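*Asks:* Dropping a structure here in structure tokens format, bear with me for questions.
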Amino acid sequence: VPPAFVRPIHFNTVNVRQVSPLTTLQMSTSLEDPSSDNKRVANDARAAKLFHSTPLILSDPLTALLNSDSPTRKRNVYLKLDALQTSGSFKDRGVAHLCQTLHSRGTTKLISSSGGNAGLAVATVGKALGMTVQVIVPETTKPMVLEKLRGLGANVRIHGVNWNAADVLARELVEEDDEAEYVSPYENPLLWTGHSTLIDEIVDDLDGVEESMVGATVVASVGGGGLLCGILEGLDRHSLPNTTVVAAETTGAASFGTAFQKGEPVMLDAIDTIATSLGALQVSDSALERAKAHIANGGNVVSGVCTDAEAIDACVKFADQHRMLVEPACGAGLAVLYSDRLRKELFGNGGGTDSDQNTGPVIIEVCGGSGVNLELLDMWKTQFSL
């Protein structure tokens with residue numbers, strides 16, 4: 001895969017000292033991209049190798065599977081392998097851009113809340129920048145993730161039955177410590193801009209194989225909504241409104257799908273899924289706003305909700321066919337194609353991605369995740385009789 005070159009934009013930054021333990025970050029625009037041509041994003045973080053350009057590969061098995069449902073369909077399926085980021089997930093992109101910005105202002109201490117992957121990204125990037133990192137995690141966090149966090153030198157504190165409870169404590173600790181800055185897992189414009197770099201790379205790599213993003217479908221798992229915000233930002237920056245984004249979730253963590261259906265933010269009663277990395281009780285308001293804006297501009301956003309069993313089945317099939325382990329949260333995105341039910345629901349006649357504009361490639365963001373190993377995958381196969 002040829003190296004990716006990002007394109008120009010202005011980006012926002014945030015006054016994180018205004019954070020409240022019970023409210024969203026207060027946003028403000030106070031810094032412009034220093035690039036002379038105003039076309040690149042997250043340049044300093046990329047130059048410092050705090051995140052990486054990851055491969056975009058054509059998946060023959062998934063291409064054949066998608067096209068087998070229709071004799072006239074000829075769409076290629078590509079995999080954006082962000083599981084190969086240093087921490088194990090796409091989170092490195094946004095976290096790198098945010099932490100590099102904070103570091104350039106003199107910040108030396110970071111406090112984050114996380115169900116696993118965001119904390120690992122903060123610990124990975126913070127260590128590279130020589131910053132002190134504390135991560136507040138909920139009681140549902142896997143022991144293997146706790147071990148990885150501590151191995152990276154992070155101060156780990158376990159608190160609360162879900163991420164929301166852990167996040168409240170993280171914000172309180174930041175307010176009590178003048179030297180610390182808060183790093184949200186998903187609610188910050190700098191995170192979204194960092195995540196948007198994956199669209200820059202996809203556009204460049206498809207150009208390299210003479211394929212266009214026009215009419216493309218991008219599939220991504222959604223938890224709090226940071227990745228979705230970044231994808232929509234990248235599509236907007238590249239003037240690609242005629243694209244469809246599939247927001248993939250599991251039934252026990254469908255905060256976006258529930259809110260999207262109702263047209264307004266919704267707080268779930270509880271998280272009940274094996275895909276704990278998707279465990280935000282309420283999706284970001286900005287994710288809903290950006291989804292509506294994408295639709296208003298001529299694009300489409302579709303909710304794809306799978307069962308836990310479908311997510312695990314997708315992880316197993318992906319490991320068999322592509323020789324990579326990903327956690328159930330990533331399996332939700334893969335299930336959009338691997339699940340016969342969901343694939344036909346979304347790509348069949350009258351489905352959410354069935355229209356004249358949906359003739360381009362299908363790109364699955366393989367977001368990764370560190371909460372998986374061979375033992376866990378085998379246990380999940382047994383649990384769901386796969």
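The values are calculated or read from the model by the stated rules, or taken from the named source; none is laboratory data. Owing to the predicted nature of the structure, the values given are computational and were not obtained by experimental measurement. Cβ: placed from backbone, ideal geometry, glycine included. Neighbour counts: every protein chain shown. These area figures cover heavy atoms from the full protein model, side chains too; ligands, DNA and RNA do not enter into them. Shrake-Rupley method; radii C 1.70, N 1.55, O 1.52, S 1.80 Å.
*Asks:* Can you tell me which residue among His97, His103 is in a helix (DSSP H, G or I) and surrounded by fewer than 23 Cβ atoms within 10 Å (Cβ to Cβ)? Give the steps one after another, and end with the answer.
*Replies:* Working: His97 fails: surrounded by fewer than 23 Cβ atoms within 10 Å (Cβ to Cβ).
Exactly one residue qualifies, and that residue is His103.
*Asks:* Okay, next question. Might you let me know whether segment 50-58 holds any residue that is part of a loop (DSSP other than H, G, I, E, B) and modelled with pLDDT under 50? Break it down stepwise before answering.
*Replies:* To start, the set of residues in segment 50-58 that are part of a loop (DSSP other than H, G, I, E, B) comprises 50-55.
Now drop any that are not modelled with pLDDT under 50, which leaves none.
Looking for residues that are part of a loop (DSSP other than H, G, I, E, B) and modelled with pLDDT under 50, one finds none in segment 50-58, hence no.
*Asks:* Here's a follow-up. Scan segment 369-379 and give yes if some residue there is small (Gly, Ala, Ser), in contact with a Cys (Cβ under 6 Å, 6 or more places away or on another chain) and at pLDDT below 95, otherwise no.
*Replies:* Of segment 369-379, the ones small (Gly, Ala, Ser) are 369-371.
Then keep just the ones that are in contact with a Cys (Cβ under 6 Å, 6 or more places away or on another chain); that gives 369.
Filter once more, keeping what is at pLDDT below 95: 369.
Checked against the condition, which is being small (Gly, Ala, Ser), in contact with a Cys (Cβ under 6 Å, 6 or more places away or on another chain) and at pLDDT below 95, segment 369-379 yields at least one hit.
*Asks:* List the pairs whose first member sits in segment 277-299 and is among the charged types (D, E, K, R), whose second member is outside any loop (DSSP other than H, G, I, E, B), and whose Cβ atoms are under 6 Å apart, counting only residues at least 6 apart or on separate chains?
*Replies:* Arg290/Cys229; Arg290/Leu232
*Asks:* Okay, next question. Can you tell which of Leu288, Leu325, Leu334 is under 16 Å from Gly225 (Cα atoms) and within 19 Å of the chain's Cα centre (by Cα)?
*Replies:* Numbers: Leu325 fails: under 16 Å from Gly225 (Cα atoms); Leu334 fails: under 16 Å from Gly225 (Cα atoms).
Of the residues listed, the single one that is under 16 Å from Gly225 (Cα atoms) and within 19 Å of the chain's Cα centre (by Cα) is Leu288.
*Asks:* Can you list residue pairs whose Cβ atoms sit under 6 Å apart, with the first residue in segment 231-242 being over 9 Å from Ser196 (Cα atoms) and the second being among the hydrophobic types (A, V, I, L, M, F, W, C) and open to solvent by 50 Å² or more (accessible area, probe 1.4 Å)? Count only pairs 6 or more apart in sequence or on different chains.
*Replies:* Listed by first residue and then by second, the contacts come to nothing, as the list is empty.
*Asks:* Restricting to segment 233-253, count the residues that are open to solvent by less than 10 Å² (accessible area, probe 1.4 Å) and either outside any strand (DSSP E or B) or farther than 17 Å from Ser303 by Cα (or both). Talk me through it step by step, then tell me what you get.
*Replies:* In the first step, residues of segment 233-253 are kept if they are open to solvent by less than 10 Å² (accessible area, probe 1.4 Å); the result is 234-235, 243-250, 253.
Narrowing further to those that are either outside any strand (DSSP E or B) or farther than 17 Å from Ser303 by Cα (or both): 234-235, 243, 253.
Of the residues in that region, 4 qualify.
*Asks:* Is segment 323-337 home to any residue that is in a helix (DSSP H, G or I), modelled with pLDDT of 95 or more and open to solvent by 10 Å² or more (accessible area, probe 1.4 Å)?
*Replies:* The answer is no, given that none of the residues of segment 323-337 is in a helix (DSSP H, G or I), modelled with pLDDT of 95 or more and open to solvent by 10 Å² or more (accessible area, probe 1.4 Å).
*Asks:* I've got another one for you. Test of understanding: among Ser104, Ser113, which residue is modelled with pLDDT of 95 or more and among the hydroxyl-bearing types (Ser, Thr, Tyr)? Even if it seems obvious, please write down each step before you answer.
*Replies:* Working: Ser113 fails: modelled with pLDDT of 95 or more.
The unique qualifying residue is Ser104.
*Asks:* Looking at (1) in a helix (DSSP H, G or I); (2) among the aliphatic types (A, V, I, L, M); (3) open to solvent by 10 Å² or more (accessible area, probe 1.4 Å), find the lone condition where Val161 falls short.
*Replies:* (1)
*Asks:* Please find, within segment 164-198, the residue that is nearest to Gly88 (Cα to Cα) out of those that are over 18 Å from the mean Cα position of the chain (by Cα) and assigned to a strand (DSSP E or B).
*Replies:* Only one residue fits best here, namely Tyr182.
*Asks:* How do the pairs read when you match residues in segment 109-134 that are over 14 Å from Ala170 (Cβ atoms) with residues anywhere that are open to solvent by less than 30 Å² (accessible area, probe 1.4 Å) and among the charged types (D, E, K, R), using Cβ under 7 Å and keeping only pairs 6 or more apart or on different chains?
*Replies:* Ala121/Asp92; Thr124/Asp92; Val125/Asp92
*Asks:* Moving on. Anything in segment 139-158 that is within 16 Å of Ile111 (Cα to Cα) and either among the aliphatic types (A, V, I, L, M) or open to solvent by less than 20 Å² (accessible area, probe 1.4 Å) (or both)? List them, or say none. Break it down into steps so the answer makes sense when it comes.
*Replies:* Of segment 139-158, the ones within 16 Å of Ile111 (Cα to Cα) are 146, 149-150, 152-158.
Correct list: Leu146, Leu149, Leu152, Ala154, Val156, Ile158.
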